[in-house]
1. Anything in the range 17-31 that is open to solvent by less than 60 Å² (accessible area, probe 1.4 Å) and closer than 24 Å to VAL121 by Cβ? List them, or say none.
2. Of all residues in the range 346-367, count the ones that are open to solvent by less than 30 Å² (accessible area, probe 1.4 Å) and small (Gly, Ala, Ser).
3. Go through (1) open to solvent by 60 Å² or more (accessible area, probe 1.4 Å); (2) within 30 Å of LYS273 (Cβ to Cβ) for LEU343 and report which single condition fails.
4. Of all helices (runs of 4 or more DSSP H) completely enclosed by the range 328-434, which ones contain at least 1 residues that are in contact (Cβ under 8 Å) with a residue 12 or more places away in the chain and within 29 Å of ASP96 (Cα to Cα)?
5. Give THR331, THR300, THR294 a once-over and let me know the one that is within 20 Å of TYR256 (Cα to Cα) and either buried (at least 20 other Cβ atoms within 10 Å of the Cβ) or at pLDDT 85 or above (or both).
6. Name the one entry in TYR157, TYR100, TYR188, TYR123 that is under 21 Å from the mean Cα position of the chain (by Cα) and of a type in the set (Phe, Trp, Tyr).
7. Tell me which residues, restricted to the range 169-190, are open to solvent by less than 10 Å² (accessible area, probe 1.4 Å) and part of a helix (DSSP H, G or I).
8. Among the residues of the range 18-37, how many are within 21 Å of PRO330 (Cα to Cα) and in contact (Cβ under 8 Å) with a residue 60 or more places away in the chain?
Amino acid sequence: MKAIYILALCVTLVMAKPADEIVKELPDMGKFDRFDMYSGYLEIPNKQRKLHYVFAESQNDPATDPLVIWFNGGPGCSSMLGFIQEHGPYSMPDGDPNFYENPNSWNKEANMLYIESPAGVGYSYFWDRETDSFDDLTSSEDNYAALEAFYEKFPEYLDHDLFISGESYAGIYVPYLAWQVIQNGLKYNLKGIIVGNGVTNYTYDTGKAYGGTAFWHNLYSLEMLDEIKENHCTWLNIDGVKPGKENEEACTNLYYKFRSLVSEINIYDVYRKCYTDDDIDRLGTTMINGELKTYKRGMTAREYTPFAFDDDHIDESLRLNPPCVYGSGPTDYLNRQDVRDALNVETDQPWELCVGAERINYSRGEKASYWIYPTLFENNIRVLHFSGNADGSVPTQGTRDWIHSLNLPKARDFGPFYIEDKQVGGFVEYFEGITFAAITGIGHMAAQWSPVATKHVVYQFIKDLPIDGNDNYASVTA
């Protein structure tokens, strides 16, 4: 009798998967014949909102491998960027509109769930109104409702280890969703969070850290740094600026000068190319369900990461925000009718990498997400922050500084970790509660631009294994 019950339960779970949302292949991308992939919607009850998801089951063992949720940031940017350019089963390189099989796909050993959030972003949508409004709390409530809706569609994943991950402004989304899971009774098997170059604490992060980072990447002179120190400027965090009365006029002029010097630099990776062609031909057109639609093909830095410009009090005539992110390839592709049909897209809104006030009004909270971390520690939720150390939008310096400001006991010494051919992939620090990995020579989208090192860091963390390969490692959560 027990065997019959178990068999019946298994049949029920298998049948629970939404057969009408399975995706067998995507045009000009590839087939999904070694694992199951789904695309559809997670409805938010009583709010006239639906969040679009893509779910790529593990290529290894979907029945036992962990469930990993991924969010991109913004706020207002689509997690489809993560799927098609960073760590999906196929990837589109910068500057190349073609797809290639991704040997570093995160679904090699994890069940990957990509959620476009909040409603209005990407293929996610709302109805009965022209625009919608969100803040950090309300978006986390919707993300939690989406997670519940996912488990209703895929109940077989209820007992899997759960990790919530993301990059950039997902440094807000990720811990907020973990906090929601805790506040709602820890019904799910949440093991940890994973944040890449993530906004967390505005005292240390983003613009203030860029000023310090830019100096160490030789983007302005030693003489200019001396002037910054002499005038006690507060628009940046860097050692040597002593307490004193700020010379506001001098510091404003120095800030103008700094922003002018870096105005043609790729803020997401100070050594990386800017895709300025998207600035010349920013608007694309497409037919969606028989209607001509217009969409932005590229995003300026101000549109992609508005938090990086919170302190800007500069004349807009300065070219401060080149559209360095490669946007035309992903955007043109995801606005194709055949692609939208294959992904079971319900809305006729065009897909854009990021959207702003024309579709969503998002109020960013002043306290960011650092206040959540003590709650995570109290509930034994493991934390990984990784950071590409050439990023100017959420610099490694800021992440390092806010983590150190917590004064957590060190679990192990700072040291390098190695990847293929015994190359240094970066450096790692273990604290009681947080693992912090800096990935060498790469910027904001570390998972895309340094896929081997980033995948190594993430997988080792998920498996609760040493990132630096030290055999004497002992779990910092033990």
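The values are calculated or read from the model by the stated rules, or taken from the named source; none is laboratory data. Nothing here was measured: the structure is a model prediction, and the numbers come from that model. For neighbour counting, all protein chains shown are included, and Cβ atoms are generated from backbone atoms with ideal geometry for every residue, glycine included. Keep in mind that these areas ignore ligands, DNA and RNA; they rest on the heavy atoms of the full protein, side chains included. Shrake-Rupley method; radii C 1.70, N 1.55, O 1.52, S 1.80 Å.
1. Filtering the range 17-31 for residues open to solvent by less than 60 Å² (accessible area, probe 1.4 Å) gives 17-18, 21-23, 26-27, 29-30.
Correct list: PRO18, GLU21, ILE22, VAL23, LEU26, PRO27, MET29.
2. Number satisfying all stated conditions: 2.
3. In the conditions (1) open to solvent by 60 Å² or more (accessible area, probe 1.4 Å); (2) within 30 Å of LYS273 (Cβ to Cβ), LEU343 misses (1) alone.
4. Values: elements: 328-334, 337-342, 373-378, 396-405.
Ranges flagged: 328-334, 337-342, 396-405.
5. Numbers: THR331 fails: within 20 Å of TYR256 (Cα to Cα); THR294 fails: within 20 Å of TYR256 (Cα to Cα).
Selected residue: THR300, the only one of THR331, THR300, THR294 that is within 20 Å of TYR256 (Cα to Cα) and either buried (at least 20 other Cβ atoms within 10 Å of the Cβ) or at pLDDT 85 or above (or both).
6. Details: TYR157 fails: under 21 Å from the mean Cα position of the chain (by Cα); TYR100 fails: under 21 Å from the mean Cα position of the chain (by Cα); TYR188 fails: under 21 Å from the mean Cα position of the chain (by Cα).
Sole residue among the options that is under 21 Å from the mean Cα position of the chain (by Cα) and of a type in the set (Phe, Trp, Tyr): TYR123.
7. Taking the range 169-190 as the starting set, the residues that turn out to be open to solvent by less than 10 Å² (accessible area, probe 1.4 Å) are 169-175, 177-178, 181.
Matches in the range 169-190: ALA170, GLY171, ILE172, TYR173, VAL174, PRO175, LEU177, ALA178, VAL181.
8. If we filter the range 18-37 for residues that are within 21 Å of PRO330 (Cα to Cα), which is where we start, we get 23-32, 37.
Imposing the further condition that a residue be in contact (Cβ under 8 Å) with a residue 60 or more places away in the chain reduces the set to 23, 25-30.
Residues flagged as within 21 Å of PRO330 (Cα to Cα) and in contact (Cβ under 8 Å) with a residue 60 or more places away in the chain within the range 18-37 amount to 7.
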